[in-house]
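Peer 1: Have a look at this one before I ask anything.
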Amino acid sequence: MDTLAHAAIGGLFFSRSGVRAVKHPTGKPFWRDWTFWAAAGFGSMPDLASFGVHFCGMLFSGELREMLRRFLAGDVMAAAPPVETLPHYVILNYQLTHSLVIALAAGVLVRLFWKPGFLPYLAWPVHILCDIPVHGRSYFATPVFWPLSDWSFDGWSFGKNLWIVAGYWGVILAVLAWRIKKRRSDIART
């Protein structure tokens, strides 16, 4: 899944102003709800921690322009840099942030030391669960049980199967539209 979709899923499903607000309205718009931004952050953190720093470096080197050219030409997977050309920290950070073992250990710490942050934190393990079926072994398969095991599911690459992208963005937009409609009807009743 793309990073923006992970952030949207985090904010929509794991914040007080997201879907949860249907039963427990906060009265605040999402942009004033810290849990929305925390959930969006937790949802996008695994990708940003592994690829974000590298992406910033590409901005300054000119590599990004070439990658965007290939992407806009319709060759999504050719736009992605080959794994062997990536710095080691990208791969290590990907393994750390895309492991349910690491995420669940972090969840225990969040629950013990920052209870209000536990709901937004849930966007992180859901990020991993969403990535499992849409990442193939040929390019950044999700290392679910790393460091205990290198096992990964050989999923359907969202970069090669654009119907997957259309599907999850369709769900995100449908939930967003439903949430906006529900909020407007709640405001109209008051």
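The values are calculated or read from the model by the stated rules, or taken from the named source; none is laboratory data. As the structure is a computational prediction, the values presented were derived from the model and not from experiment. Note that we place each Cβ from the backbone using ideal geometry, even for glycine, and neighbour counts take in every protein chain shown. Side chains are part of the model used for accessible areas, which takes the heavy atoms of the whole protein and leaves out ligands, DNA and RNA. Shrake-Rupley method; radii C 1.70, N 1.55, O 1.52, S 1.80 Å.
Peer 1: Roughly what percent of Cα-Cα pairs across the chain reach past 27 Å?
Peer 2: 35
Peer 1: On to the next question. All other residues with a Cβ under 15 Å from the Cβ of Phe140 taken together, and with Lys, Arg as +1 and Asp, Glu as -1, what is their net charge?
Peer 2: -4
Peer 1: Would you mind counting up the charge near Leu176? Only other residues with Cβ under 12 Å from its Cβ, with Lys and Arg at +1 and Asp and Glu at -1.
Peer 2: Summing Lys/Arg as +1 and Asp/Glu as -1 gives +4.
Peer 1: Going by average Cβ density within 10 Å per residue, which order do the peptides 109-116, 39-46 take, highest to lowest?
Peer 2: Per-residue mean Cβ counts within 10 Å order the peptides as 39-46, 109-116.
Peer 1: Roughly speaking, to the nearest percent, how much of the stretch 60-186's 1.4 Å accessible area is carbon and sulfur?
Peer 2: Reported share for carbon and sulfur atoms: 70 percent.
Peer 1: Which whole-number percentage describes the relative contact order of the chain, with Cα contacts under 8 Å and a sequence gap of 6 or more?
Peer 2: RCO, the chain: 24 percent.
Peer 1: Among residues other than His6 whose Cβ falls under 14 Å from its Cβ, what is the net charge (Lys/Arg +1, Asp/Glu -1)?
Peer 2: -3
Peer 1: Cut-off 10 angstrom, C-alpha nodes, Gaussian network model of the chain. Which of Ala105, Ala123, Ala49 fluctuates the most?
Peer 2: Ala105
Peer 1: Just to be sure I understand the rule: take each whole DSSP H helix in the chain, project its Cα atoms onto its long axis, keep it if the span is 24 Å or more and its mean Kyte-Doolittle hydropathy is at least -1.0. Which ones pass?
Peer 2: What comes out of the filter, once short or polar helices are dropped, is 162-189.
Peer 1: Pairs to check: Lys160/Lys181; Lys115/Lys181; Lys28/Lys181; Lys115/Lys182. Give those whose C-alpha atoms are more than 25 Å from each other in this structure.
Peer 2: As for pairs spanning more than 25 Å Cα to Cα, those are Lys160/Lys181; Lys115/Lys181; Lys115/Lys182.
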